[in-house]
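The values are calculated or read from the model by the stated rules, or taken from the named source; none is laboratory data. Note that the structure is predicted; figures quoted are calculated from it, not measured. Here Cβ is always computed from backbone atoms with ideal geometry, including for glycine, and neighbour counts include all displayed protein chains. Protein only, heavy atoms only, side chains kept; ligands, DNA and RNA dropped before computing areas. Shrake-Rupley method; radii C 1.70, N 1.55, O 1.52, S 1.80 Å.
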Amino acid sequence: MTDSKHILLDRPARGKIGKAIRLPFSKAVEIALKSLRVRFWRSMLTVSSIILAIAFLTYVWASSRLESAVALGMRADAPRVMAVAKTVDDAWKPFERELSARFDGRRTDYKDETDALYSGDTAEFKRFCEKAVADRATPVKLAGLPCDNAALADFAARARSIGLEPDLRGWCEPGLALAGIKGVVQREVDRIGGIQIALQRADFDPAAPPEKLVRMKPAAVWLIIISLLVCGVGITNAMLMSVTERFREIGTMKCLGALDSFIVKLFLLESTLQGVAGTVIGIVLGLAGMFAKCLLSFGAAAWTHFPLVDTALVVLWAILIGAGLSIAGAIFPALRAARMAPVEAMRADE
């Protein structure tokens with residue numbers, strides 16, 4: 001039944017045709033919200049499907065963008081770190097041989113402490129050296145270790161150029177300051193190596209061109225498309241069930257003069273409200289999952305190379321897709337409800 005047939009008589013005695021009733025948009029919103037409250041758990045089924053679809057979309061897409069940004073960042077950072085590490089290592093090897101000879105009687109302890117030093121714990125190695133020198137029974141003589149102040153200053157400047165702060169103060173011998181530089185540089189090398197391993201596990205080829213790195217994998221794209229299709233079918237099914245349950249309500253509104261456009265607007269509003277709620281929750285969950293995954297895999301590099309603009313675009317697209325999906329899924333049920341004849345709608349519910 002078309003809008004032109006939904007009319008009220010101004011004054012039946014005069015036989016004149018009155019104007020069709022056009023309810024304000026605020027009334028449609030009020031009725032939609034009331035319907036969602038009455039059918040809350042049914043609405044939650046629709047919202048949950050949107051949440052899962054949008055959360056998966058946001059998680060996969062944002063993770064791909066962040067992993068690409070980290071991979072591109074490592075392409076620039078790794079050579080700089082390795083260059084500094086090689087320079088420091090060339091000076092450390094002969095120094096460490098001399099240092100190892102001084103600890104000849106404490107090989108086991110020395111090995112354990114140097115392992116801690118290479119992990120970045122310079123304070124522990126510093127305490128170990130102080131105790132060894134102060135040991136009254138078998139003191140270790142660390143005086144006279146080779147120390148080139150100009151070289152140490154150069155190594156420290158190189159370390160600072162890659163964002164590191166070497167531990168240069170408080171050593172019992174000036175030459176041991178090289179250990180403070182070696183410790184922080186080696187820790188950075190290990191961190192870069194861990195990130196590169198994580199990228200390889202994520203199937204990122206460090207040698208791939210940048211345009212390939214930023215491209216989402218086809219398998220992920222297909223999974224997103226399938227999840228969105230399933231979500232769309234779920235929305236349509238839930239809205240059709242809602243229409244079936246509300247035959248009498250629809251018939252009553254149409255008998256009172258509600259236009260077809262008002263019925264369509266009502267169902268689209270309900271679906272849009274559910275879609276917006278599900279989309280917002282899904283985006284939050286997807287971003288939370290993405291942050292948790294990338295922080296565990298890349299550590300501080302996830303913050304250092306975080307692609308703010310790309311992530312904002314992912315969020316924007318997720319909002320548009322979630323809202324569009326909820327509207328598209330409700331179009332057919334809304335048109336079906338609007339095209340029902342009032343008498344048929346009242347009779348179908350009996």
Whichever residue in region 19-41 is part of a loop (DSSP other than H, G, I, E, B) and at pLDDT below 70 and, among such residues, is nearest to the chain's Cα centre (by Cα): P24
Region 221-273 - residue that is without any contact (Cβ under 8 Å) to a residue 40 or more places away in the chain and of a type outside the set (A, V, I, L, M) and, of those, nearest to I327 (Cα to Cα): N237
Wholly enclosed helices (runs of 4 or more DSSP H) of region 205-276 bearing at least 1 residues among the charged types (D, E, K, R) and either in contact with a Lys or Arg (Cβ under 7 Å, 6 or more places away or on another chain) or crowded, with 19+ Cβ neighbours inside 10 Å (or both): 247-255
Complete set of residues in region 131-142 that are open to solvent by 80 Å² or more (accessible area, probe 1.4 Å) and either of a type outside the set (S, T, N, Q) or touching a Pro at 6+ places or on another chain (Cβ under 7 Å) (or both): K131, R136, A137, K141
Members of region 146-172 found to be touching a Lys or Arg at 6+ places or on another chain (Cβ under 9 Å) and open to solvent by 60 Å² or more (accessible area, probe 1.4 Å), listed by number: S161
Test for A219: is it of a type in the set (A, V, I, L, M), at pLDDT below 90 and under 22 Å from the mean Cα position of the chain (by Cα): yes
Residue that is farthest from M216 (Cα to Cα), among those in region 311-327 that are open to solvent by 60 Å² or more (accessible area, probe 1.4 Å) and in contact (Cβ under 8 Å) with a residue 40 or more places away in the chain: I327
Pick from region 308-330, criterion under 19 Å from L45 (Cα atoms) and touching a Leu at 6+ places or on another chain (Cβ under 8 Å), ranking: modelled with the highest pLDDT: I321
Scan of region 190-204 for residues that are open to solvent by less than 30 Å² (accessible area, probe 1.4 Å) and in contact with a helix residue (DSSP H, G or I) (Cβ under 7 Å, 6 or more places away or on another chain), ordered by number: I192, I195, A198, L199, A202, F204
Residue pairs meeting the criteria (Cβ under 7 Å; at least 6 apart or on separate chains; first within 26 Å of P139 (Cα to Cα), in region 87-100; second open to solvent by 40 Å² or more (accessible area, probe 1.4 Å) and not in a helix (DSSP H, G or I)): F95/P146; E98/P146
Residue check for A69: buried (at least 16 other Cβ atoms within 10 Å of the Cβ) and in contact with a Ser or Thr (Cβ under 7 Å, 6 or more places away or on another chain): no
